[in-house]
Ligand SMILES: Cc1ncc(C[n+]2csc(CCOP(=O)(O)OP(=O)(O)O)c2C)c(N)n1
Ligand SMILES: [Mg+2]
């Protein structure tokens with residue numbers, strides 16, 4: 001099976017092969033290194049004119065990418081660690097996402113900024129964070145987080161070539177070596193796929209399971225943990241869940257409603273558990289629960305979040321494990337809800 | 001390249017910017033505009049002198065003090081008034097306001113320094129596309145406090161971006177004199193990155209124009225970055241009525257260094273007066289038209305920024 005890393009690498013290669021307007025800018029991109037996480041491997045050899053290894057200047061490379069996008073190219077900017085997206089925040093918030101609307105629809109910035117996020121690699125407080133919640137709710141910014149249920153590279157290729165909005169593309173580090181799941185690997189599940197306005201949402205339940213008592217929702221690597229939890233809840237606790245995995249974190253549907261697949265699942269289960277690797281408060285899960293409350297009112301029977309501790313992520317393995325959400329955390333929360 | 005503009009044409013542009021900005025400052029207290037503004041009075045020779053040498057398709061990146069740049073670029077006066085008034089006919093339909101303009105290949109943003117890497121990106125994009133277009137970026141002395149500017153100079157030089165950095169050093173940033181904000185030499189900042197820099201101490205549009213002509217010709221020939229540091233003067237407030245400087249000092253600057261007076265000497269009085277009266281009429285007409293223009297439709301925001 002193809003790994004997420006291989007898939008992303010193929011997606012980049014496909015975008016480069018398909019369209020001469022695609023450029024890649026980032027730190028340490030040149031082969032044989034190919035970027036700190038190797039997602040960009042091979043590109044600099046094959047497209048030396050269009051792969052620019054840059055100084056350690058995150059804000060400037062985001063800005064350079066924005067200027068190139070403004071003038072009709074389709075650049076991709078690789079940030080070595082998602083933690084350093086803070087250095088790009090001004091470009092993202094005050095230029096990249098502002099130009100299209102503040103210039104009255106007369107400018108577009110088809111720029112993809114991609115970056116690894118997340119912990120479980122022992123990199124400590126400043127190289128392990130899941131910061132995308134800081135960038136959710138910025139008007140005009142599309143935030144995508146691939147998972148193993150559909151081809152991450154294809155999503156990336158489409159984001160580069162087909163998306164005229166700026167895209168913030170989140171790659172969980174621990175997902176890189178994981179296989180992109182094929183039909184055989186998912187044989188136990190009944191899966192529904194909703195197209196969404198750009199990226200798919202998957203709904204999973206175990207084949208032959210009764211109607212769900214609880215809806216789990218998670219994205220990126222957390223969807224792996226949630227899938228394992230779903231199986232264990234069924235077999236070990238006879239608690240039947242449905243898992244909804246969005247690929248697009250923002251924008252969300254207008255008027256405060258939930259993503260339709262999530263609403264459909266919740267209409268059956270009445271209970272919603274959100275699982276995210278970002279810190280607990282004021283985040284992605286909070287928004288899902290707020291929407292659930294608004295849309296379902298008293299039909300929402302239970303609502304909870306599993307998330308990271310509200311503390312810097314420790315470097316020590318044992319402490320890091322304790323700070324980040326685990327399958328056990330999901331099992332505990334789920335069992336308390338039903 | 002456009003022919004070197006004649007003295008009358010230069011004077012017309014200087015005077016148009018001056019009349020436009022005076023009209024803005026007069027009308028602001030009367031409630032004609034909403035928000036804020038930064039006028040270009042005293043710096044007109046910079047925009048006029050530099051942008052006289054643009055070719056079709058060249059890109060201009062401007063800052064918060066952008067009206068003069070926009071007018072010298074060829075922007076429409078009525079559309080600019082309308083933008084400040086928040087009218088549908090404004091440069092950006094009322095969405096941008098005074099410091100956020102985009103028309104043809106002209107862009108401005110009010111976030112100091114943020115434009116530097118973007119402008120470098122536009123220059124690199126045009127080079128990659130095989131076009132002859134170059135980018136001109138206007139920065140104030142105050143923007144040189146921003147770190148992204150230096151990242152951008154480094155990248156512009158490393159990657160040979162065809163861009164002209166124009167620093168308008170009016171010796172003040174809002175209320176802070178340059179001496180309190182910038183250490184070291186201004187020109188040496190560019191030299192340190194291997195970017196050839198020319199520094200000028202003049203409000204004479206003819207001198208600025210010929211320096212810019214030379215710099216832009218070199219830039220077009222080498223397709224590598226260059227810089228022009230223009231030591232200049234701000235006669236007006238930073239925005240509206242917020243000048244903390246001694247009025248006598250400003251009066252002295254005006255007497256000595258007004259770019260309009262300096263250039264007027266090149267023209268017979270009758271020709272100058274004819275230009276002034278034509279421009280007065282044109283600016284007044286543009287203002288009246290903008291005033292009569294409709295506001296943006298209520299659903300306009302949803303059209304450009306779908307929910
Ligand atoms: C990033 C940022 N910080 C602060 C401001 C507020 N501000 C607007 S103009 C200005 C001074 C700018 O000085 P300078 O660059 O010299 O340009 P000038 O106003 O003199 O033309 C400041 C501090 C801003 N617009 N952007
Ligand atoms: Mg200044």
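The values are calculated or read from the model by the stated rules, or taken from the named source; none is laboratory data. Note that this is a predicted model, so its numbers are computed, not measured. Because the Cβ atoms are built from the backbone with ideal geometry, glycine has one as well, and the counts that use them run over all protein chains shown.
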Do you know which of the residues in the range B:121-147 that are assigned to a helix (DSSP H, G or I) and within 16 Å of ligand 2 (Cβ to nearest atom) is farthest from the chain's Cα centre (by Cα)? B:145
Return the residues of the range B:242-268 that are in contact with a helix residue (DSSP H, G or I) (Cβ under 8 Å, 6 or more places away or on another chain) and either loosely packed, with under 15 Cβ neighbours inside 10 Å or in a loop (DSSP other than H, G, I, E, B) (or both); say none if nothing qualifies. B:243, B:266, B:267
When the range A:256-314 is checked residue by residue, the ones that are assigned to a helix (DSSP H, G or I), crowded, with 19+ Cβ neighbours inside 10 Å and in contact with a helix residue (DSSP H, G or I) (Cβ under 8 Å, 6 or more places away or on another chain) are A:262, A:266, A:284, A:288, A:291, A:292
How many residues does the range B:65-82 hold that are away from every other protein chain (no Cβ under 14 Å), touching a helix residue (DSSP H, G or I) at 6+ places or on another chain (Cβ under 8 Å) and within 16 Å of ligand 1 (Cβ to nearest atom)? 5
In the range A:55-71, what count of residues is obtained for those that are farther than 20 Å from residue A:170 by Cβ and within 7 Å of chain B (Cβ to nearest Cβ)? 9
One residue from B:228, B:257 being closer than 26 Å to residue B:58 by Cβ and within 21 Å of the chain's Cα centre (by Cα): B:228
Output yes when any residue across the range B:168-183 is away from ligand 2 (no atom under 15 Å from the Cβ) and either touching a strand residue (DSSP E or B) at 6+ places or on another chain (Cβ under 9 Å) or in a loop (DSSP other than H, G, I, E, B) (or both), and no when none is. yes
Going by what's in this entry, would residue A:166 be described as surrounded by 23 or more Cβ atoms within 10 Å (Cβ to Cβ), within 14 Å of chain B (Cβ to nearest Cβ) and over 20 Å from residue A:2 (Cβ atoms)? yes
Being closer than 30 Å to residue A:164 by Cα, over 23 Å from the mean Cα position of the chain (by Cα) and surrounded by 16 or more Cβ atoms within 10 Å (Cβ to Cβ), is that true of even one residue in the range B:270-291? no
Of (1) touching a residue at least 60 places away in the same chain (Cβ under 8 Å); (2) closer than 19 Å to residue A:100 by Cα, residue B:101 satisfies every one except (1)
Going by the conditions given, is residue B:81 closer than 21 Å to residue B:277 by Cβ and assigned to a helix (DSSP H, G or I)? yes
Picking from B:107, B:150, which residue would you name as being more than 16 Å from ligand 2 (Cβ to nearest atom) and part of a helix (DSSP H, G or I)? B:150
Can you say whether residue B:211 is away from every other protein chain (no Cβ under 14 Å), in contact with a strand residue (DSSP E or B) (Cβ under 6 Å, 6 or more places away or on another chain) and more than 16 Å from ligand 1 (Cβ to nearest atom), as far as the supplied structure shows? yes
For residue B:34, the lone unmet condition from (1) at pLDDT below 95; (2) buried (at least 23 other Cβ atoms within 10 Å of the Cβ) is (2)
Name every residue in the range A:34-48 that is in contact with a strand residue (DSSP E or B) (Cβ under 9 Å, 6 or more places away or on another chain) and away from chain B (no Cβ under 13 Å), in order of residue number. A:35, A:36, A:37, A:39, A:40, A:43, A:44, A:45
Six or more apart or on different chains, Cβ under 9 Å: which pairs go from a residue in the range A:101-130 that's free of Cβ contacts under 8 Å to residues at least 12 places away in the same chain and within 14 Å of chain B (Cβ to nearest Cβ) to one that's crowded, with 24+ Cβ neighbours inside 10 Å and not in a loop (DSSP other than H, G, I, E, B)? Could you list them? A:103/B:107
In the range B:188-198, how many are surrounded by fewer than 17 Cβ atoms within 10 Å (Cβ to Cβ) and in contact with a strand residue (DSSP E or B) (Cβ under 7 Å, 6 or more places away or on another chain)? 3
Enumeration of residues in the range B:83-93 that are at positive phi and within 8 Å of chain A (Cβ to nearest Cβ): B:93
What single numbered condition from (1) assigned to a loop (DSSP other than H, G, I, E, B); (2) over 13 Å from the mean Cα position of the chain (by Cα) fails to hold for residue B:39? (2)
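For (1) under 28 Å from residue B:292 (Cβ atoms); (2) in a helix (DSSP H, G or I), each residue gets a yes or a no:
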{"position": "B:18", "(1), (2)": "yes, yes"}
{"position": "B:46", "(1), (2)": "no, yes"}
{"position": "B:68", "(1), (2)": "yes, yes"}
{"position": "B:93", "(1), (2)": "yes, no"}
Qualifying residues in the range B:99-120 (those that are within 7 Å of chain A (Cβ to nearest Cβ) and within 14 Å of the chain's Cα centre (by Cα)) - the one farthest from residue A:88 (Cα to Cα): B:102
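Residue-by-condition table, conditions (1) free of Cβ contacts under 8 Å to residues at least 24 places away in the same chain; (2) more than 10 Å from chain B (Cβ to nearest Cβ); (3) surrounded by fewer than 24 Cβ atoms within 10 Å (Cβ to Cβ):
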{"position": "A:50", "(1), (2), (3)": "no, no, yes"}
{"position": "A:75", "(1), (2), (3)": "no, no, no"}
{"position": "A:78", "(1), (2), (3)": "no, yes, no"}
{"position": "A:83", "(1), (2), (3)": "no, yes, yes"}
Just for the range B:121-164: of the residues that are within 16 Å of residue B:43 (Cβ to Cβ) and more than 8 Å from ligand 1 (Cβ to nearest atom), which one is nearest to the other protein chains (Cβ to nearest Cβ)? B:137
Tally of residues being farther than 17 Å from residue B:22 by Cα and in contact (Cβ under 8 Å) with a residue 12 or more places away in the chain across the range B:255-294: 11
For the range B:181-188, indicate whether the set of residues that are closer than 28 Å to residue B:126 by Cβ and under 22 Å from the mean Cα position of the chain (by Cα) is non-empty. yes
